[in-house]
Structures are given as structure tokens and as C-alpha cells.
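The values are calculated or read from the model by the stated rules, or taken from the named source; none is laboratory data. Please read these numbers as outputs of a predicted model, since none were measured by experiment. Note that each Cβ is placed from the backbone with ideal geometry, even for glycine, and that neighbours are counted across all protein chains shown. Accessible surface areas use protein heavy atoms only, side chains included; no ligands, DNA or RNA. Shrake-Rupley method; radii C 1.70, N 1.55, O 1.52, S 1.80 Å.
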Amino acid sequence: GQNIDQPTEMTATEGAIVQINCTYQTSGFNGLFWYQQHAGEAPTFLSYNVLDGLEEKGRFSSFLSRSKGYSYLLLKELQMKDSASYLCAVRDRSDMRFGAGTRLTVKP
Amino acid sequence: DVKVTQSSRYLVKRTGEKVFLECVQDMDHENMFWYRQDPGLGLRLIYFSYDVKMKEKGDIPEGYSVSREKKERFSLILESASTNQTSMYLCASRILQGYEQYFGPGTRLTVT
């Protein structure tokens, strides 16, 4: 089975940097994903890590340490539109499981 | 452009009714998934399918069944709806060896 843990809520200020952590336990690892979900909408794909290290994509970066069962999503230069839930997900041998999500509120 | 559609955005059903939730994708994806999303619990996998007529149980299959008669369509069936099945239901699809899952807009089901 899988356990995926991430903070329930976070608040940050517009223009700042925020890091959302995710820890996981899995019987077989085949990739870690971050999704963004605005209220009332479907999740949309942000990033994918399968090897250790940092993947950068514009203002968003995602880090993975497989030995520690740990990932984080880094959001830079926060904008009001970044207010959303951020879902950490892990794929094992067969399919993907999601964490409960972190609700990020960006304040002016 | 990738597209996953679900038959309804909002649905209200009575306890004991049989409920069908339909999902269609136009990307020729092999894999399709049904999740439910509840506050504090996140997305939980109900069933998934790798191919036509194939299905696998996810984490919470009890009270649900699925049907995949055509590659583009994956149906979720609640044989006898109960109030604890009130939830947001999300369908997703991806190619067999792909990593990105594409989600539909969701169906908010209320069982009274």
C-alpha cells in the first residue's frame, strides 16, 4: 500500500516563495507527480520526477529524494492565481495514488 | 487538444437508485481511471482499466462496478446508491506507458 502525507493548508504572500512538502511510503516506486487543482475544477498536471534531483519548469520546481521518500514543490514569485490545492501523487507498479492535497492561499 | 468529458457536472439521485456515470476520452488512451474526491481524503482510486473489457479494483471498489465496452468510454456504476456515496467523481485517462493523467471536469453526485 501507499501512505502519502502533505500539509493540509499553507498561506503565503504574493511575490514570495513557498515550498510544499510531500512524504510517501510505497511498495514500488515508478514516479512522483504534482498536480494543481483550482476550486471546482479538475486537477492539471504540473510536474513529474522519477530520478533524484530538481526539475525546474518556469516558476515551479519539483524535487525528489527516493531514498528519503520525500518530494517538494517550490513555487516562486507567487501570484494570486496560484491559490489552489496542490496534490502530490505517487505511481507504484500499476497505478497512481494521491495525497489529500495542500490548499495554498496567496495573500496580497 | 486532449479532452476527457463526463456526462454530467451535477447529479442528484435517491438512495437505492442505480446510477451511471459516463466518461469519454478522445485521445485513444489505453488506461482509464475513476476516482472520488472528498474533503480531507483527497483523490481515492475506485477502479481502473488497461484495455477494453479489462478492469482492476482500486482502493475503494465496494459499492461500485465499471464497464469498458469501447476504448474511449469508461462507465462507473453505483448499483444501489447510498448517502455515503455523495462525492465528487473524477475520471482520468493516459496512454499505456505515459506519465501524465488527464482529468475530466468531474461529476458532483448527491445522494439523498
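Check the stretch B:86-108 and report whether any residue there is touching a Gly at 6+ places or on another chain (Cβ under 8 Å) and open to solvent by 70 Å² or more (accessible area, probe 1.4 Å). Yes, some residue in the stretch B:86-108 is touching a Gly at 6+ places or on another chain (Cβ under 8 Å) and open to solvent by 70 Å² or more (accessible area, probe 1.4 Å).
Taking the stretch A:49-76 as the range and being open to solvent by less than 80 Å² (accessible area, probe 1.4 Å), in a loop (DSSP other than H, G, I, E, B) and within 19 Å of A:Asp5 (Cβ to Cβ) as the test, only A:Gly69 passes.
Per the listing A:Glu14, A:Glu9, the residue uniquely within 13 Å of another protein chain (Cβ to nearest Cβ), open to solvent by 40 Å² or more (accessible area, probe 1.4 Å) and on the phi < 0 side of the Ramachandran plot is A:Glu9. Of note, A:Phe45 satisfies the criterion of being within 13 Å of another protein chain (Cβ to nearest Cβ), out of contact with any Cys (no Cβ under 9 Å at 6 or more places or on another chain) and either assigned to a strand (DSSP E or B) or in contact (Cβ under 8 Å) with a residue 24 or more places away in the chain (or both). In the stretch A:77-108, of all residues being within 26 Å of B:Tyr50 (Cβ to Cβ) and open to solvent by 40 Å² or more (accessible area, probe 1.4 Å), the one that is farthest from the other protein chains (Cβ to nearest Cβ) corresponds to A:Arg93.
Cβ-Cβ distances below 8 Å connect the following pairs, each with a first residue in the stretch B:34-51 that is under 18 Å from A:Gly101 (Cβ atoms), a second residue that is assigned to a strand (DSSP E or B) and acidic (Asp, Glu), and a separation of six or more residues or different chains: B:Arg44/B:Asp38.
Selection over the stretch B:66-107 of residues that are closer than 16 Å to B:Ser49 by Cβ and of a type in the set (Gly, Ala, Ser) gives a count of 6.
Residue pairs whose Cβ atoms lie under 8 Å apart, sitting 6 or more positions apart in sequence or on different chains, and linking a residue in the stretch A:79-108 that is under 21 Å from A:Tyr24 (Cβ atoms) and free of Cβ contacts under 8 Å to residues at least 40 places away in the same chain to a partner that is open to solvent by less than 20 Å² (accessible area, probe 1.4 Å) and outside any strand (DSSP E or B), are A:Asp95/B:Gly58.
Within the stretch B:75-85, can one find any residue that is open to solvent by less than 70 Å² (accessible area, probe 1.4 Å) and within 14 Å of another protein chain (Cβ to nearest Cβ)? There is no residue in the stretch B:75-85 that is open to solvent by less than 70 Å² (accessible area, probe 1.4 Å) and within 14 Å of another protein chain (Cβ to nearest Cβ). Looking at B:Ser67, B:Ser8 in this structure, which one is open to solvent by 20 Å² or more (accessible area, probe 1.4 Å), of a type outside the set (A, V, I, L, M, F, W, C), more than 13 Å from every other protein chain (Cβ to nearest Cβ) and farther than 26 Å from A:Ala39 by Cα? When all the criteria are applied, what remains is B:Ser67. When the stretch B:50-78 is filtered for residues that are within 13 Å of the chain's Cα centre (by Cα), of a type in the set (Lys, Arg) and not in a loop (DSSP other than H, G, I, E, B), the ones remaining, listed by number, are B:Lys57, B:Arg68, B:Arg73. Counting only residues that are modelled with pLDDT of 95 or more, closer than 17 Å to A:Thr102 by Cβ and more than 14 Å from the chain's Cα centre (by Cα), the stretch A:39-78 holds 1 of them.
Regarding A:Tyr35, is this residue open to solvent by less than 60 Å² (accessible area, probe 1.4 Å), among the aromatic types (Phe, Trp, Tyr) and under 20 Å from B:Ile46 (Cβ atoms)? Here the answer is yes, as A:Tyr35 does meet what is asked.
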